[in-house]
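No lab work stands behind these numbers, since they all come straight from the coordinates. Quantities reported herein were computed from a predicted structural model and do not represent experimental measurements. Cβ coordinates were reconstructed from backbone atoms using ideal geometry, including for glycine residues, and neighbour counts include every protein chain displayed.
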């Protein structure tokens with residue numbers, strides 16, 4: 001099976017090259033002409049933002065400068081989430097790049113003027129490596145499937161360590177991520193986000209299954225968990241690895257918050273079980289990848305935080321994923337899951 005492009009929107013890449021070259025000429029030192037080459041959409045990943053790879057080169061005095069780049073464009077009509085966090089996405093990546101503990105692509109330039117590419121966008125450095133893509137599922141075919149158990153173990157350990165290092169970022173350093181009044185940070189912030197997500201979905205169609213699940217979660221909702229920065233889509237499919245199976249970059253920061261440390265751990269564990277665990281829905285367990293218990297133990301050791309009460313956050317993760325699935329189905333014009341499947345996933349009778 002060949003890889004496929006998954007992108008919310010696509011455009012004429014030759015025209016894009018001309019626009020980027022003109023725009024970058026005003027950003028690079030010296031303001032000289034910029035050559036844009038090798039434009040391409042990444043394959044097998046990306047469903048919410050139009051993301052395009054390219055290479056740029058220009059003269060700085062007598063020296064040729066070459067820079068691998070990625071442009072990420074704010075979505076226009078294909079909006080997966082109700083919250084517009086495009087600027088915050090750039091700012092949290094910049095914060096992490098400056099801190100250095102979490103490996104992210106270095107943000108280079110931000111453009112708020114929609115006239116250039118049709119919407120605001122930012123450019124970051126292009127990292128070199130491999131990504132465990134979802135299409136086709138990495139557990140069924142591809143480089144991770146073909147790796148040895150020892151190589152997978154190295155990948156898993158590095159991934160969990162990077163996940164845990166996110167929790168070393170002081171919450172105060174990311175105060176620009178605070179939510180609305182009464183839900184500025186902590187569990188209240190993430191809860192508020194998905195209450196509003198549910199209401200947003202109901203503008204298109206009633207969501208009785210989601211409402212039932214939300215009520216059940218509310219009845220057992222913890223008062224609070226450990227504070228912390230939320231990545232928002234914590235999975236190895238959003239990480240890039242080098243030939244030694246070490247993490248090169250932690251990617252896709254489009255829904256960050258200050259919602260607490262356990263949201264990302266729960267998301268990571270849930271996706272790991274779904275994609276490559278012993279009970280994987282893809283029927284493709286990958287030997288060498290850590291178990292849920294091993295992941296939790298390593299995360300606690302590196303983060304210095306407790307994972308007590310993670311079960312509730314994993315149930316909340318299923319709810320979040322179902323909200324996203326309903327929205328993607330609406331955008332594509334066909335349901336991704338029927339009501340019975342939703343009830344089964346959310347454990348709603």
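Data overview
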{"read-out": "0 to 90° range, to nearest 10: angle between helix 262-276 axis and the chain longest Cα axis", "value": "90 degrees"}
{"read-out": "Using alpha-carbon coordinates, inclination of helix 187-201 to the longest axis of the chain, degrees", "value": "80 degrees"}
{"read-out": "Kirkwood Rh, Cα atoms: Rg over Rh of segment 155-208", "value": "1.16"}
{"read-out": "The chain, helix-only ellipticity at 222 nm - DSSP H runs n ≥ 4, -39,500 (n - 2.57), divided by all residues, nearest 500", "value": "-12000 deg cm²/dmol"}
{"read-out": "For segment 233-345, Kirkwood radius (reciprocal of mean inverse C-alpha pair distance, Å)", "value": "15.7 Å"}
{"read-out": "Estimated FRET transfer efficiency when R0 is 30 angstrom, pair residue 339-residue 84 (beta carbons, to 0.05)", "value": "0.55"}
{"read-out": "Calculated FRET value between residue 25 and residue 195, using beta carbons and R₀ = 56 Å, to 0.05", "value": "0.75"}
{"read-out": "Cα-based Rg of the chain normalised by 2.2 N^0.38 Å, two decimals", "value": "1.01"}
{"read-out": "Most mobile of 75, 120, 170 in a GNM of the chain (Cα contacts under 10 Å)", "value": "170"}
{"read-out": "As computed over segment 101-241, the Cα convex hull volume per residue (Å³)", "value": "211 Å³"}
{"read-out": "Diffusion constant of segment 65-137 at 25 °C, which comes from Stokes-Einstein with the Kirkwood Cα-pair radius and 0.890 mPa s, µm²/s", "value": "176 µm²/s"}
{"read-out": "Cα-projected label distance for residue 145 with residue 67, points at 7 Å along beta-carbon direction, nm", "value": "3.8 nm"}
{"read-out": "Full-stretch length increase - residue 211, residue 291 - with 0.36 nm per residue and alpha-carbon distance subtracted", "value": "25.6 nm"}
{"read-out": "Helix 149-165 vs. the chain, principal-axis angle (Cα, 0 to 90°, nearest 10)", "value": "90 degrees"}
{"read-out": "Calculated log₁₀ intensity ratio I(q)/I(0) where the Debye formula runs over C-alpha points of segment 143-346, q = 0.13, 0.14 Å⁻¹", "value": "-0.76, -0.88"}
{"read-out": "Rule-of-thumb Rg ratio for segment 13-125 [Cα; 2.2 N^0.38 Å; N residues]", "value": "1.09"}
{"read-out": "Efficiency of FRET from Cβ geometry, residue 219 and residue 57, R₀ 56 Å, rounded to 0.05", "value": "0.45"}
